[in-house]
Amino acid sequence: MQEEKPKFAFILLLIGSVLIFINAFLIGINGGPVTISSGTVASPESVLGSNVDLWYRISFGFKALVEGPLATLWLIVAIAILYLAIRFYVNPIERKVLSPTIAVLSMLSFFCGGGFIVGSILAVLGAGIGYGWPADIRKAFFYKIIQAAKLDSKFFENLKTDEDNLKHGVYSLVFANILAAVGVGLYVRTSQAVLNAPSLFTPYETILLGDVPLNLSIVSTATINAGLAILKWITLSLVIYVVGNSLLGRKHAFSSIAAITGFAYIPISLQVFTPFVFTSTPYLSFNWPFIITIATNAWMVLILVSGIRRTLETSLNKTVGILAVSGAIYILLLETFFSTLTVPDMIQFTVQPQIVLLMIVSAMALGSIILGTYSKR
């Protein structure tokens, strides 16, 4: 699928750059982060304490990095991204220089809100796809990410014959988990700073004004999380490979299953949104992280079902059953071994007490029987 112009990449770049510009423009007008809240509060006391109602605010931009003259700097960056996106379309021959520049500036714009985050993501995706133009767009790594997230059946079918499938699956895994670690790590540090603050200054700056303290140690958190994610990915891929081949009685390539599992981690990257949402203190430590974790993991399961079904060439019922058996084994391994491997400043949900864990695993095993997973048909 070769284009005369990199239209798809340009559309992503244009939408992303416009969102980044709007975000930067609003910061300039506001004099600080763009903040949306569920209601007006007069002081931090209004949202602190054990008896206050649920209140939330969404903030785009890191307060310390967007105030004063820095707001003008981000507006210049946004204009530069928009100009480079248009230049990219007019002179695609310069893509090898323009695409990396746009990607770097778009990632930097994350600190001013990144076009409400969506803008940065779209611009980086567009730059990545545009860099490889005019090669077949279906072979581009960032295009594959989009297709996997869309649960595109043709993408999963073609993945079996794609010589770069495993490599790109690993890239997806690492990319998603680094973004997740940065987002969750910043959230954990900020929420702890609010809950353990000796005065009302930090809660005021964080909850009402949208401040999120930055720390370079988040780099080590992201690195450790990516390494641990690779171990979990290998474990899950091996379990699905062994269970799937055993129950179906035929061999399927491990690389294809591992690639699907790698791409399935893409929704986890949305956890980068976590530090931009804060709630009143009764809900601060648990509710929002739990919601986004459940949502992204549910999306991950949908990608696994769609991808593994095409890879194993079996029915939907059998696919769900195979993944239920694999999931039960994986959960047991996760709680037995991986639960002891913790990443600093990361949120980790465990199933307690143990009887509840056994009930969940038993339910998954029973479900696989009901779905006819063990039948020869």
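The values are calculated or read from the model by the stated rules, or taken from the named source; none is laboratory data. The shown structure was predicted, so the numbers you read here are calculated from the model rather than taken from an experiment. Cβ placement follows ideal geometry from the backbone for every residue including glycine, while neighbour counts extend to all protein chains displayed.
Condition check ((1) closer than 30 Å to S99 by Cβ; (2) assigned to a loop (DSSP other than H, G, I, E, B); (3) free of Cβ contacts under 8 Å to residues at least 40 places away in the same chain) across all residues:
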position	(1), (2), (3)
E4	yes, yes, yes
S17	yes, no, no
G32	no, yes, no
A42	no, yes, yes
D53	no, yes, no
L65	yes, no, no
**Message:** Among the residues in segment 186-208, are any part of a helix (DSSP H, G or I), under 16 Å from the mean Cα position of the chain (by Cα) and not hydroxyl-bearing (S, T, Y)?
**Reply:** yes
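So that you can scan it fast, the table gives a plain yes or no per residue for (1) in a helix (DSSP H, G or I); (2) buried (at least 18 other Cβ atoms within 10 Å of the Cβ):
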site	(1), (2)
G39	no, no
E45	yes, no
A80	yes, no
K96	yes, no
S99	yes, yes
Test for G183: is it modelled with pLDDT under 90, on the phi > 0 side of the Ramachandran plot and crowded, with 17+ Cβ neighbours inside 10 Å: no
Note on segment 124-166: residues part of a loop (DSSP other than H, G, I, E, B), in contact with a helix residue (DSSP H, G or I) (Cβ under 9 Å, 6 or more places away or on another chain) and modelled with pLDDT of 90 or more are L151, D152
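Just name the residue that is nearest to the chain's Cα centre (by Cα) out of those in segment 1-24 that are surrounded by fewer than 18 Cβ atoms within 10 Å (Cβ to Cβ) and modelled with pLDDT of 95 or more.
Keep residues of segment 1-24 that are surrounded by fewer than 18 Cβ atoms within 10 Å (Cβ to Cβ), which gives 1-5, 7, 11, 15, 22.
Now narrow it down to the ones that are modelled with pLDDT of 95 or more: 15, 22.
Details: I15: 20, I22: 23 Å.
Only one residue tops the list, namely I15.
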Out of (1) surrounded by fewer than 21 Cβ atoms within 10 Å (Cβ to Cβ); (2) touching a helix residue (DSSP H, G or I) at 6+ places or on another chain (Cβ under 8 Å), the one G321 does not meet is (1)
Within segment 197-236, the residues that are closer than 18 Å to T342 by Cβ and of a type in the set (D, E, K, R) are K232
Using the structure shown, decide if Y204 is modelled with pLDDT under 85, among the hydroxyl-bearing types (S, T, Y), touching a Pro at 6+ places or on another chain (Cβ under 9 Å) and more than 20 Å from P100 (Cβ to Cβ).
yes
